[in-house]
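Only one structure is covered here, and it is reproduced in the block below.
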Ligand code: NAI
């Protein structure tokens with residue numbers, strides 16, 4: 001049987017380190033994947049004059065699955081975010097970010113098991129900003145019935161498939177009565193088709209307070225783009241930080257698996273980055289590819305290394321380097337865990 005080919009984008013900052021670690025783990029687990037490595041971001045700009053060359057998009061369209069490390073986006077200047085472009089060009093409308101308390105991962109909270117479903121293509125990330133007159137700028141928030149309906153459906157379908165009990169729409173429809181109002185209206189309409197799942201809504205500020213006070217009470221949360229971006233990092237902080245939380249950008253024709261974290265320039269190139277978040281994103285990718293057995297094998301190896309052997313990177317209070325942590329997982333896989 002021919003191998004499955006995936007596109008791999010090693011990205012910037014800690015990206016290449018965590019990518020190398022993840023590919024070592026995939027290979028040691030026998031994932032049987034072929035990698036088509038593509039540059040995007042600053043490296044692509046230097047080489048091809050564009051941060052997101054057409055051949056990168058073509059590679060992802062052809063392979064339908066990509067594993068991507070973070071890409072740097074300059075603040076307030078520079079090229080438009082490659083991440084946002086990828087999500088919009090490939091219509092990767094659902095960003096799925098599971099946040100679970102893990103044994104042996106230090107956190108102030110226990111029993112957190114919540115899923116953030118973020119709308120990934122519209123909202124304030126539409127990129128429509130302009131100067132009205134000097135000193136006044138306008139940034140447009142686009143909310144559509146189509147986008148809101150399909151993300152609500154995605155959240156309820158996910159809840160049903162994974163035995164979840166409740167979906168909460170997170171919004172600010174008390175202030176943004178038209179835009180968030182439409183989002184909420186679509187959510188309520190979709191909820192009627194899922195009587196087996198409890199539907200509720202919460203205003204974003206109250207939701208943030210509740211997440212910090214009682215995160216174990218939340219189940220599946222669905223929200224527009226900006227709220228999802230911010231709430232995702234908040235939720236990562238509930239379960240051990242950005243070094244551990246995986247993610248997936250799901251579309252109809254392609255999906256990109258990537259960690260929630262960014263390029264972490266403060267620790268790049270020092271063998272300090274935690275590759276766990278990208279490895280766990282790769283586990284999500286393996287389930288997506290139907291390679292459940294390999295995914296479970298990697299899960300068992302992670303448990304053996306983190307819980308039984310107590311090997312952890314520095315962000316989790318351990319002493320292991322990126323390469324040392326990876327070597328321990330590879331050893332565990334090679335010993336037939
Ligand atoms: P960041 O996530 O890169 O870093 C925030 C903090 O978390 C830093 O202290 C960093 O050292 C730590 N951290 C993050 N990942 C870690 C890991 N795997 N192991 C250990 N510690 C880790 O966020 P920041 O600094 O706001 O963004 C840096 C750059 O990344 C920006 O250019 C931003 O646009 C980009 N970015 C890209 C994303 C993507 O490609 N999907 C997502 C988020 C940010």
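Can you say whether residue 329 is in contact (Cβ under 8 Å) with a residue 40 or more places away in the chain, more than 11 Å from the ligand (Cβ to nearest atom) and crowded, with 24+ Cβ neighbours inside 10 Å, as far as the supplied structure shows? Give the derivation first.
Values: in contact (Cβ under 8 Å) with a residue 40 or more places away in the chain: yes; more than 11 Å from the ligand (Cβ to nearest atom): yes; crowded, with 24+ Cβ neighbours inside 10 Å: yes.
When the stated conditions are applied, residue 329 passes them.
Quick check on residue 227: is it under 27 Å from residue 85 (Cβ atoms) and in contact with a helix residue (DSSP H, G or I) (Cβ under 8 Å, 6 or more places away or on another chain)?
It is true that residue 227 is under 27 Å from residue 85 (Cβ atoms) and in contact with a helix residue (DSSP H, G or I) (Cβ under 8 Å, 6 or more places away or on another chain).
Would you pick out the residues in the range 218-230 that are assigned to a helix (DSSP H, G or I) and closer than 21 Å to residue 188 by Cα?
Once the filter is applied, which keeps residues that are assigned to a helix (DSSP H, G or I) and closer than 21 Å to residue 188 by Cα, the range 218-230 yields 225, 226, 227, 228.
Within 16 Å of the ligand (Cβ to nearest atom) and modelled with pLDDT under 95 - does that describe any residue in the range 107-114?
Yes, the range 107-114 contains at least one residue that is within 16 Å of the ligand (Cβ to nearest atom) and modelled with pLDDT under 95.
One line per residue, one yes/no per condition, for (1) buried (at least 18 other Cβ atoms within 10 Å of the Cβ); (2) not in a helix (DSSP H, G or I):
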| site | (1), (2) |
| --- | --- |
| 187 | yes, no |
| 195 | no, yes |
| 202 | yes, yes |
| 216 | no, no |
| 232 | yes, no |
| 241 | yes, yes |
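Just to be sure I understand, how many residues within the range 41-50 are within 12 Å of the ligand (Cβ to nearest atom) and at negative phi?
Total satisfying the criteria: 1.
Give the residues of the range 213-240 that are within 11 Å of the ligand (Cβ to nearest atom) and more than 13 Å from the chain's Cα centre (by Cα), sorted by residue number. If you could, list the steps in order and put the result at the bottom.
In the first step, residues of the range 213-240 are kept if they are within 11 Å of the ligand (Cβ to nearest atom); the result is 229, 232-233, 236-237, 240.
Once the filter is applied, which keeps residues that are within 11 Å of the ligand (Cβ to nearest atom) and more than 13 Å from the chain's Cα centre (by Cα), the range 213-240 yields 237, 240.
Filter the range 249-267 for residues that are surrounded by fewer than 17 Cβ atoms within 10 Å (Cβ to Cβ), within 11 Å of the ligand (Cβ to nearest atom) and in contact (Cβ under 8 Å) with a residue 12 or more places away in the chain and give the result.
Taking the range 249-267 as the starting set, the residues that turn out to be surrounded by fewer than 17 Cβ atoms within 10 Å (Cβ to Cβ) are 252-253, 265-266.
Still in the running and within 11 Å of the ligand (Cβ to nearest atom): 265-266.
Scanning the range 249-267 gives a single hit, 265.
Yes or no: residue 337 in a loop (DSSP other than H, G, I, E, B), without any contact (Cβ under 8 Å) to a residue 60 or more places away in the chain and within 20 Å of residue 17 (Cα to Cα)?
no
Go through the range 290-322 and count every residue that is surrounded by fewer than 20 Cβ atoms within 10 Å (Cβ to Cβ) and in contact with a strand residue (DSSP E or B) (Cβ under 9 Å, 6 or more places away or on another chain).
Adding up the residues that qualify gives 3.
Just a yes or no: is a residue in the range 62-83 surrounded by 21 or more Cβ atoms within 10 Å (Cβ to Cβ) and away from the ligand (no atom under 11 Å from the Cβ)?
Within the range 62-83, one or more residues are surrounded by 21 or more Cβ atoms within 10 Å (Cβ to Cβ) and away from the ligand (no atom under 11 Å from the Cβ).
Under 9 Å between Cβ atoms, which residue pairs at least 6 apart in sequence (or on different chains) link something in the range 120-131 that is loosely packed, with under 11 Cβ neighbours inside 10 Å with a partner that is not in a strand (DSSP E or B)?
Final answer for the pair search is 129/140; 130/140.
Suppose we keep only residues that are within 16 Å of the ligand (Cβ to nearest atom) and not in a helix (DSSP H, G or I) within the range 273-296. Which one would you say is farthest from the chain's Cα centre (by Cα)?
Of the residues in the range 273-296, the ones within 16 Å of the ligand (Cβ to nearest atom) are 273-285.
Still in the running and not in a helix (DSSP H, G or I): 273-275.
Numbers: 273: 17, 274: 15, 275: 14 Å.
For the range 273-296, the residue satisfying everything is 273.
Could you please let me know if residue 263 is touching a strand residue (DSSP E or B) at 6+ places or on another chain (Cβ under 6 Å) and in the same structural domain as residue 27 (by TED's automatic domain parsing)?
Spelling it out, it is not the case that residue 263 is touching a strand residue (DSSP E or B) at 6+ places or on another chain (Cβ under 6 Å) and in the same structural domain as residue 27 (by TED's automatic domain parsing).
Residue 260 - would you say it is modelled with pLDDT under 95 and either in a loop (DSSP other than H, G, I, E, B) or under 29 Å from residue 85 (Cα atoms) (or both)?
Answer is yes for this residue.
The values are calculated or read from the model by the stated rules, or taken from the named source; none is laboratory data. Quick caveat, the model's predicted, so the values are computed rather than measured. Because the Cβ atoms are built from the backbone with ideal geometry, glycine has one as well, and the counts that use them run over all protein chains shown.
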